[in-house]
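K.L.:
What follows is a structure written as structure tokens; I'll ask about it next.
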Amino acid sequence: GTGLQQGRAEMATQDESKKRKAEDATEEPAAKQAKEDAEKEVDAASDGRPALKATIGYNAADTTLNVFSAMDSKVLMALSEGGLQYLLAGARANVAMKAGRYMYEVKIIESLNPAEAAQGGKGPQPRQTVRVGFSTPGSPLLLGDSDDCVYFDSDGWFGAGKQKRKCSQSFTREQVVGVLLNLDSSSPNANTVSVFRDGVRMAEPQALPERLVGKALVPHVTYRNVSLQVNMGPSQLKPVPFKCRMIQTAASADTVASKDASAGGKCEVVLPVALPDEGTFDWLDGFLEKNPSYVELSDRKILDWAMASGLQRPAAVQASNDKPTFAFGLKGMDDMSVQRLVKSIAPMVPRNYVIMEVKANLIKDERAEVLSRFPGFKKTAMVVMGEPSIEFKKRAQDRILDQKQAKLDTEWKVKKAEKERQRTIAKKQKELALARQKAEEERKKAAEAAAKDEKMEDEKKEEIKEEEIKEEKEEEDDGLGESPPKAELTEEEGKVVFRPKVGHGDLAPTALAKSLGLFTLPEKSEGFDEVKYAWEPAAKSSEHLRKWVLETKRTTLLEHLQPSKQFTEKVMSWQKQFAEWQQKQQAFKAKPPPAKKDEEAEDAKAKLDIFGVEDVNNIGDGEPLYANFGPEDWALAQLRYELHLLQEAFRKDVDDVDRAQIPEGHLTYYYNKYFRKQLNPGVFHLKSIAELISTFLKDTVSLSGEPTSLVSQLSPDMDVDEADIFVKFAEESRRERKRRQDAGDETSKLKYTPPAALATATNTTATPKPAVQSTWSQPKQSWSGGGGGGWKGGWNRW
């Protein structure tokens, strides 16, 4: 019995020991967890220094245009119609922290779901979002749009500049989010930022990026489709587990107040007046760097705003810097509603603006429309024309040098990596060869162990070793150096001032062509308080504008130009008369030849003064002047008329003394635009339009002047009734060719292939059909015989 009792006691002791171990094992993780959950921050010590007196709020210049502040800056809302529902809103407070430990709170009090009329696109996700954090004064107004900020967002991400990582829990409507910034150098958590939800820590303290340490940081919120309550103090909405002062009660010595640019005087609106592709936007970027309180109003800035808000950049299409493409597939963005809202909102928000509209700022009426929207603002025109300033040139050359250096750096790194790869391969190959050599030596050594001279073996090994070292030393120098080569500007690059034009550049060709004649310099009489000249004075800027406009007119196609009604009527009359001539020629050819030729009459016709003929339809005995025309003569007669008419119609339709003639380089374009067909010198077996005109048409038109342009040699007031001059020119040319051929000049033979035959022979697409068949088509005529040989076919292609 005693043994049984002792056994039971031992078992009880063992069970108790196991139970105690189990309890200890349970307590260890709990203690560890409790240690981990212990708050990292401690209670704030009392501070007798004077507290901040200014009320924390938001300066107009530190909020995006869609921000609406209410209740003494305690509530922040955002406009959410007309495309603004896709854009983030940003608000940066007017007081920055430079020391100490302080916090502020934000609560989502309203979540919005504005309608989205998608047209194949997708709005940014999530639709509702909030970012709370800190940024440096003067940084972009959207958290995450630069490296000068830190923030926590509503999905649990921590952002340091443009980098994000998941580190906390999410927060939503009616939850109070506190953001604490610790800049207290004596704290173990110095230079960190923390986030709390309803008073409970959501993440470990997050270290500030090195670039932000030592800088003053401002409370900053970014949001979309929500309304926020922002509490800067003095008391907390949801107390945290330790005593912490709110920013509104911060010591004045720990803060820096930002200056309101709109206070103490009129706000200014600046209109830069600059020529397309002559440094317009580069000058603006430099101006904004020097004047950060100014807000740019332009389509490019709205596009940047959309990109920063999470919209995908539209597919690349032909657009300009002045009017970039808005093709997001979202109605409010694509129909320019955002631009209209911005135009309406901006005058109501007191701040300094730069309105960047390249075309509009060059046109008097459009400048007046802009100025009318900003009553109460100081209005300044800034003319940026002529020879750029030294500072601008230096910036331009520095930019080219930086781009060139970046290219050299990339090339050097690629070459360096390739050299390293080759060196590694060579090293491995050498090691393999050495291993094989050693194995061979070991084999020989084993076979000749008795007779092998150890001294010889050592010398061989030393020789191999020295060779290896020598080879390694040779491989160490790859010829690329320790750093990339330094970029230098060439003589030509040193002369470059403006960026090379890419695509359409600053202004689309159509917009430029339509408005070119309206470009003027601004004057105070238009409503400006001041007209400034950034580069050259008024007289030189005016002369530069005049020369630029003249040169641009000479090189710009008028894509919007359309043939006038008068031109169409003249063409129809010509077509009618042309057809009648062909019919009369056919009728004359159908007559039986006379039984006996009148030699005297034939001789008189041969010596006929062509330009003295009063009726081209009858030069005697019912014979028309054009009786012996072949297809090439008809083609040249018609081409003479068309080029003469084209030049005169162009002059009248454009109605611009600076652009009265068609430049040689634009001739084929306008010929096609007016006549709906191609001007092809290949039908006459010639290579260029200039050769065609100088060879066959110089009696009617010429290419002359500077720059070379189409010039008619005839009276501009010639009526279609006088169009027989073109038949006379054609007949004179035909007789001259025949005279030379009869004299044995083989070079005078005219080679001609009708367009239809040429298209078939070269397997190319036929000349496009005219848009209006009744206006451009020709009745088909058949011809046989005649001085030029028989021909059958239609003249509608000419």
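The values are calculated or read from the model by the stated rules, or taken from the named source; none is laboratory data. In this text, all values refer to a predicted model and were calculated from it rather than measured experimentally. Using ideal geometry, Cβ is built from the backbone for each residue, glycine included, and neighbour counts are taken over all protein chains shown. For the accessible areas, the whole protein counts, side chains as well, though only heavy atoms, and no ligand, DNA or RNA atoms are used. Shrake-Rupley method; radii C 1.70, N 1.55, O 1.52, S 1.80 Å.
K.L.:
Tally time: how many residues in segment 218-244 are within 26 Å of GLY138 (Cβ to Cβ) and of a type in the set (D, E, K, R)?
P.N.:
Qualifying residue count for the region: 1.
K.L.:
Further question on the same structure: Just name the residue that is surrounded by the most Cβ atoms within 10 Å (Cβ to Cβ) out of those in segment 534-554 that are touching a strand residue (DSSP E or B) at 6+ places or on another chain (Cβ under 8 Å) and assigned to a helix (DSSP H, G or I).
P.N.:
Step one: of segment 534-554, the residues touching a strand residue (DSSP E or B) at 6+ places or on another chain (Cβ under 8 Å) are 534-535, 538, 541, 545, 549, 554.
Pick out the ones that are also assigned to a helix (DSSP H, G or I) and you get 538, 541, 545, 549, 554.
On the way: ALA538: 13, SER541: 21, LEU545: 19, VAL549: 19, ARG554: 16.
In this case the residue turns out to be SER541.
K.L.:
Then there is this: Among the residues of segment 571-594, which ones are among the hydrophobic types (A, V, I, L, M, F, W, C) and free of Cβ contacts under 8 Å to residues at least 24 places away in the same chain?
P.N.:
First, the residues of segment 571-594 that are among the hydrophobic types (A, V, I, L, M, F, W, C): 571-572, 574, 578-579, 581, 587-588, 590.
ALA587, ALA590, listed by residue number.
K.L.:
So, one more: Scan segment 207-231 for residues that are closer than 27 Å to SER73 by Cβ and either in a loop (DSSP other than H, G, I, E, B) or of a type in the set (Lys, Arg) (or both) and jot them down.
P.N.:
Correct list: LEU208, LYS215, ALA216, ARG224, ASN225.
K.L.:
In addition: Among (1) of a type in the set (Val, Ile, Thr); (2) closer than 21 Å to PHE498 by Cα; (3) in contact with a Lys or Arg (Cβ under 8 Å, 6 or more places away or on another chain), which single condition is VAL295 missing?
P.N.:
Result: VAL295 fails condition (2) only.
Matching residues to (1) surrounded by fewer than 13 Cβ atoms within 10 Å (Cβ to Cβ); (2) modelled with pLDDT under 85; (3) assigned to a helix (DSSP H, G or I); (4) at positive phi:
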residue	(1), (2), (3), (4)
LYS473	yes, yes, yes, no
GLY481	yes, yes, no, yes
ARG499	no, no, no, no
GLY503	yes, yes, no, yes
ASP506	no, no, no, no
ALA513	no, no, yes, no
GLY517	no, no, yes, no
LEU521	no, no, no, no
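K.L.:
Filter segment 576-602 down to residues that are aliphatic (A, V, I, L, M) and open to solvent by 70 Å² or more (accessible area, probe 1.4 Å) and give me whichever is modelled with the lowest pLDDT. Walk me through it before giving the result.
P.N.:
At the first step, the residues of segment 576-602 found to be aliphatic (A, V, I, L, M) are 579, 587, 590, 595, 601.
Okay, now just the ones that are also open to solvent by 70 Å² or more (accessible area, probe 1.4 Å), so 590, 595.
On the way: ALA590: 91, ALA595: 71.
Filtering segment 576-602 for residues that are aliphatic (A, V, I, L, M) and open to solvent by 70 Å² or more (accessible area, probe 1.4 Å), the one modelled with the lowest pLDDT comes out as ALA595.
K.L.:
Out of the residues in segment 668-677 that are of a type outside the set (Phe, Trp, Tyr) and out of contact with any helix residue (DSSP H, G or I) (no Cβ under 6 Å at 6 or more places or on another chain), which is farthest from TRP634 (Cα to Cα)? So that I can check it myself, show each step before the final result.
P.N.:
Of segment 668-677, the ones of a type outside the set (Phe, Trp, Tyr) are 668, 672-673, 676-677.
Of the ones still in play, those that are also out of contact with any helix residue (DSSP H, G or I) (no Cβ under 6 Å at 6 or more places or on another chain) are 668, 672-673, 677.
Numbers: THR668: 20, ASN672: 20, LYS673: 22, LYS677: 17 Å.
Of everything passing the filter in segment 668-677, LYS673 is farthest from TRP634 (Cα to Cα).
K.L.:
Of the conditions (1) within 56 Å of the chain's Cα centre (by Cα); (2) surrounded by 11 or more Cβ atoms within 10 Å (Cβ to Cβ); (3) modelled with pLDDT of 65 or more, GLU441 satisfies every one except a single condition; which number is it?
P.N.:
Just one mismatch for GLU441, condition (1).
K.L.:
Out of curiosity, is LEU303 out of contact with any strand residue (DSSP E or B) (no Cβ under 9 Å at 6 or more places or on another chain), open to solvent by less than 20 Å² (accessible area, probe 1.4 Å) and within 21 Å of ALA89 (Cβ to Cβ)? Let's see the steps before the verdict.
P.N.:
Details: out of contact with any strand residue (DSSP E or B) (no Cβ under 9 Å at 6 or more places or on another chain): yes; open to solvent by less than 20 Å² (accessible area, probe 1.4 Å): yes; within 21 Å of ALA89 (Cβ to Cβ): yes.
The answer is yes for LEU303.
K.L.:
Whether any residue in segment 171-178 is under 45 Å from the mean Cα position of the chain (by Cα), within 16 Å of VAL130 (Cα to Cα) and among the hydroxyl-bearing types (Ser, Thr, Tyr) is what I want to check. Don't jump to the end; show me each part of the working.
P.N.:
Start the filter on segment 171-178 by keeping residues that are under 45 Å from the mean Cα position of the chain (by Cα), which leaves 171-178.
In the following step, the residues that additionally are within 16 Å of VAL130 (Cα to Cα) were identified as 171-178.
With among the hydroxyl-bearing types (Ser, Thr, Tyr) added as a condition, the list becomes 172.
Yes.
K.L.:
Exactly one condition in (1) within 27 Å of TYR533 (Cα to Cα); (2) in a loop (DSSP other than H, G, I, E, B) is false for LEU288; which is it?
P.N.:
Going through the list (1) within 27 Å of TYR533 (Cα to Cα); (2) in a loop (DSSP other than H, G, I, E, B), LEU288 breaks only (2).
K.L.:
Now for a different question. Given the criterion surrounded by 19 or more Cβ atoms within 10 Å (Cβ to Cβ), under 49 Å from the mean Cα position of the chain (by Cα) and modelled with pLDDT under 90, identify the matching residue among PRO754, PRO707, PRO768. Break it down into steps so the answer makes sense when it comes.
P.N.:
Details: PRO707 fails: surrounded by 19 or more Cβ atoms within 10 Å (Cβ to Cβ); PRO768 fails: surrounded by 19 or more Cβ atoms within 10 Å (Cβ to Cβ).
The conditions single out PRO754.
Residue-wise test of (1) within 13 Å of the chain's Cα centre (by Cα); (2) at pLDDT below 90.
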position	(1), (2)
PRO314	yes, yes
GLN318	yes, yes
ASN321	yes, no
LEU330	no, yes
ASP334	no, yes
LEU341	no, no
PRO347	no, no
ASN352	no, no
ILE355	no, no
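K.L.:
Filter segment 399-438 down to the residues that are open to solvent by less than 60 Å² (accessible area, probe 1.4 Å) and more than 43 Å from the chain's Cα centre (by Cα) and list them by number.
P.N.:
If the condition is that a residue be open to solvent by less than 60 Å² (accessible area, probe 1.4 Å) and more than 43 Å from the chain's Cα centre (by Cα), then THR424, ALA426, LYS430, ALA433, LEU434, ALA435 are the ones that fit.
K.L.:
If you check GLU289 against the conditions, is it modelled with pLDDT of 90 or more and either open to solvent by 40 Å² or more (accessible area, probe 1.4 Å) or of a type in the set (A, V, I, L, M, F, W, C) (or both)? Don't jump to the end; show me each part of the working.
P.N.:
Values: modelled with pLDDT of 90 or more: yes; either open to solvent by 40 Å² or more (accessible area, probe 1.4 Å) or of a type in the set (A, V, I, L, M, F, W, C) (or both): yes.
Answer is yes for this residue.
K.L.:
Looking only at strands (runs of 3 or more DSSP E) that lie completely in segment 125-206, which have at least 3 residues being in contact (Cβ under 8 Å) with a residue 24 or more places away in the chain and under 19 Å from LEU217 (Cβ atoms)? Explain how you work it out, then say what you get.
P.N.:
Numbers: elements: 129-135, 149-153, 157-160, 163-166, 176-183, 192-197.
Because the criterion is at least 3 residues that are in contact (Cβ under 8 Å) with a residue 24 or more places away in the chain and under 19 Å from LEU217 (Cβ atoms), the strands (runs of 3 or more DSSP E) in segment 125-206 that meet it are 129-135, 149-153, 157-160, 176-183, 192-197.
K.L.:
Could you please give the count of residues in segment 50-63 that are open to solvent by 20 Å² or more (accessible area, probe 1.4 Å) and either in a loop (DSSP other than H, G, I, E, B) or closer than 17 Å to ARG131 by Cα (or both)?
P.N.:
7
K.L.:
Separate question: Return the residues of segment 172-187 that are open to solvent by less than 40 Å² (accessible area, probe 1.4 Å) and modelled with pLDDT of 95 or more; say none if nothing qualifies. Steps first, answer last, please.
P.N.:
So in segment 172-187, the residues open to solvent by less than 40 Å² (accessible area, probe 1.4 Å) come out as 176-183, 187.
Across segment 172-187, the qualifying residues are VAL176, VAL177, GLY178, VAL179, LEU180, LEU181, ASN182, LEU183.
K.L.:
Tell me which of these HIS685 doesn't satisfy, since it passes every other one: (1) closer than 22 Å to LEU557 by Cα; (2) surrounded by fewer than 19 Cβ atoms within 10 Å (Cβ to Cβ); (3) of a type outside the set (A, V, I, L, M).
P.N.:
HIS685 satisfies every listed condition except (1).
K.L.:
Tell me yes or no: at least one residue of segment 306-322 is of a type in the set (Asp, Glu), open to solvent by less than 60 Å² (accessible area, probe 1.4 Å) and more than 30 Å from ALA396 (Cα to Cα).
P.N.:
Residues of segment 306-322 of a type in the set (Asp, Glu): 322.
Cutting the leftovers down to open to solvent by less than 60 Å² (accessible area, probe 1.4 Å) gives us 322.
Now drop any that are not more than 30 Å from ALA396 (Cα to Cα), which leaves none.
So far as segment 306-322 goes, no, none of its residues is of a type in the set (Asp, Glu), open to solvent by less than 60 Å² (accessible area, probe 1.4 Å) and more than 30 Å from ALA396 (Cα to Cα).
K.L.:
Being loosely packed, with under 15 Cβ neighbours inside 10 Å and touching a residue at least 60 places away in the same chain (Cβ under 8 Å) narrows it down to one residue among GLU691, GLU732; which is it? Reasoning before the result, please.
P.N.:
On the way: GLU691 fails: touching a residue at least 60 places away in the same chain (Cβ under 8 Å).
Selected residue: GLU732, the only one of GLU691, GLU732 that is loosely packed, with under 15 Cβ neighbours inside 10 Å and touching a residue at least 60 places away in the same chain (Cβ under 8 Å).
K.L.:
Kindly indicate whether any position in segment 525-533 is surrounded by 13 or more Cβ atoms within 10 Å (Cβ to Cβ) and within 30 Å of HIS560 (Cα to Cα).
P.N.:
Yes: segment 525-533 contains one or more residues that are surrounded by 13 or more Cβ atoms within 10 Å (Cβ to Cβ) and within 30 Å of HIS560 (Cα to Cα).
K.L.:
Select from segment 631-674 the residues that are small (Gly, Ala, Ser) and buried (at least 18 other Cβ atoms within 10 Å of the Cβ) and list them in ascending order. I'd like the intermediate steps shown before the answer.
P.N.:
Step one: filter segment 631-674 for residues small (Gly, Ala, Ser), giving 635, 637, 649, 660, 665.
The answer is ALA635, ALA637, ALA649.
K.L.:
While we're looking at this one, here's another question. Can you run down the residue pairs with Cβ atoms below 6 Å, 6 or more apart or on separate chains, where the first is in segment 546-570 and at positive phi and the partner is at pLDDT 95 or above and surrounded by 12 or more Cβ atoms within 10 Å (Cβ to Cβ)?
P.N.:
none
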